[in-house]
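J.: For reference, the structure I am asking about is given below.
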Amino acid sequence: MKVMLVDDEPLALQFLETQLHNIGDFTIVGAYQTSRGLMDRIKEKKPELLFLDIKIGSVNGVELAATIQEEQPNLPIVFVTGFHEYAVQAFELNALDYIVKPIQKERLRKTIQRLDTEVQKKASDTPIRINCMPTLQFFQNGETLPVQWRTSKAKEVFCYLLHHAEKPVRKDVLIEEFWEEKEPEKAFTQLYSTIYVIRKTFSGSLPSLSLSSANQCYQLHLGDAEVDVMEWSNNLKQLPALSEHTLSSYQGLLREYKGDYFSAEAYIWAESEQRQLKESWYKTAIQVGLFLEAQNLVEDAISLYLRMQTDYPYISHSYIRLMHVYDMAGVSSQVVHQYERLKQMLEEEFDIGPEAELVDWYEMWREQHMQA
């Protein structure tokens, strides 16, 4: 941890530094006897913890800390003082702690433990991220949240409610979707049991999510949770016109599409949304690919078309565009390879051959490039 110390007493600075090294792995990025230029030093050194004397010469440390917190609200501050009466001021300022001189090792250790607790609390308050593409996953602070579902039915009902997040879903709709074959009484029992399991899962692993019940409906509330498919769709709608300046935004959005919506779960009710998202991605990819060709960005175009071919192997577009791009790059062997792959795919899947226009183009190309 990077720590900065400010105290107008040299011996106090030295003693505090020694005590910190005795209790943990700390890097002292600055130890100063004056507050002059302190804000610039903080910006430059980026400490993770600041020990600040309550009075530095004629400077009021509490007032100085208030100024620091305006610009660096996430920097924890520990006041160092010779007098207990400053404690109230310190905590009114929302300081992490205050320590009375002479600083005792165990008291300093408690301060560091308090910091660790605050860090963990902030981490637990970080919004969770819910991924649905290509499978249901939960993340917080970049780490996977190990959410265990007691039954596969509870997981699917949750996914269905997530699909309709923030909107009421009627109980009879859920019954029809998931327990149509059951007698009404048993179906409702199954529904209530499943809802109970979902709520227990929330309380154990996903406390920011909640499920309300009113007017014979259930409604999933996301709180501050982020959902990848919602974010991706919103970003797609907000894309400006494709140009040299916006190309990177388009490419980034295409990369963020990690897989088809709930494709790993293969939920039938998700197929319509899955199809729409796939079409949106593919149409955007076609637009970007043609733009890359026009800009002579051959490597980027090849990379994009190869992904399109891998994800959508039964659409001819990627094969044809790869033939043209490899021709631009002068890689004749790959032009032949893509043509043969296209022929094979069309014959095996659709029992047809390439369109006459493409055959004519390819034969003319062969005459020009593949002469012995």
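The values are calculated or read from the model by the stated rules, or taken from the named source; none is laboratory data. This one's a predicted model, so the numbers in the text were calculated from it and none came from an experiment. Note that each Cβ is placed from the backbone with ideal geometry, even for glycine, and that neighbours are counted across all protein chains shown. Keep in mind that these areas ignore ligands, DNA and RNA; they rest on the heavy atoms of the full protein, side chains included. Shrake-Rupley method; radii C 1.70, N 1.55, O 1.52, S 1.80 Å.
J.: Just how much of residue 149 is accessible, in Å², when a 1.4 Å probe is used and the result is rounded to the nearest 10?
T.: About 50 Å², ignoring ligands and nucleic acids.
J.: Probe 1.4 Å, all protein chains in place: accessible area of residue 163 in Å², nearest 10?
T.: 60 Å²
J.: Considering only protein heavy atoms and a probe of 1.4 Å, how much of the accessible area of the stretch 213-289 is carbon and sulfur, as a whole percent? Write down the numbers at each step before the final one.
T.: Working: 1890 of 4140 Å².
Ligands and nucleic acids excluded, carbon and sulfur reach 46 percent.
J.: Tell me the angle of helix 184-205 to the major Cα principal axis of the chain, expressed in degrees between 0 and 90 and rounded to the nearest ten.
T.: Taking the Cα atoms of the chain, the angle to 184-205 is about 50 degrees.
J.: I've got another one for you. Starting from the residue with the highest accessible area, list 314, 319 in decreasing order, probe 1.4 Å.
T.: Result of the area sort, largest leading: 314, 319.
J.: Using a 1.4 Å probe on the protein heavy atoms only, what accessible surface does residue 133 show? Give it in Å² to the nearest 10.
T.: 10 Å²
J.: Could you state the accessible area per residue of the chain in Å², with a 1.4 Å probe and every protein chain left in place?
T.: Working: 20920 Å² over 372 residues.
Counting only protein heavy atoms, the per-residue value for the chain is 56 Å².
J.: Classify the stretch 230-372 as rounded, prolate or oblate from the Cα gyration tensor: take a ≥ b ≥ c as the square roots of its eigenvalues, call it rounded if a/c is under 1.5, otherwise prolate when a/b beats b/c and oblate if not.
T.: oblate
J.: Holding the Cα-Cα limit at 29 Å, pick out from 2/258; 283/343; 237/343; 45/101; 43/110; 278/343 the pairs that are longer than that.
T.: Violating the 29 Å Cα-Cα cut-off are 2/258; 237/343.
J.: In the chain, with Lys and Arg counted as +1 and Asp and Glu as -1 at Cβ, which of these residues, 1, 16, 240, has the Cα nearest the positive end of the dipole, that is, farthest along it?
T.: 16
J.: Accessible area, 1.4 Å probe, largest first: how do 176, 71, 357, 17 sort?
T.: Solvent-accessible surface, decreasing: 357, 176, 71, 17.
J.: How much net charge surrounds residue 281 when only the other residues with a Cβ under 12 Å from the Cβ of residue 281 are counted, with Lys and Arg +1 and Asp and Glu -1?
T.: Numbers: positive: 255, 258, 275, 278, 283, 307; negative: 256, 260, 279, 311.
So the environment of residue 281 carries a net charge of +2.
J.: Next question. State to the nearest 20 debye the size of the charge dipole of the chain about its Cα centre, where the only charges are +1 on K and R beta carbons and -1 on D and E beta carbons.
T.: On the way: 37 positive and 55 negative charges, 322 e Å.
That gives the chain a dipole magnitude of about 1540 debye.
J.: I would also like to ask the following. Assuming R0 = 41 Å, can you tell me the calculated FRET efficiency for the pair residue 106 and residue 44, based on Cβ-Cβ distance, to the nearest 0.05?
T.: For residue 106 and residue 44, the calculated efficiency is 0.80.
J.: Here's something else I'd like to know. Please work out which option in (i) 21.4, 67; (ii) 31.0, 95; (iii) 23.4, 86 gives Rg and Dmax of the Cα atoms in Å calculated from these coordinates, and answer with its label.
T.: Matching entry in (i) 21.4, 67; (ii) 31.0, 95; (iii) 23.4, 86: (ii).
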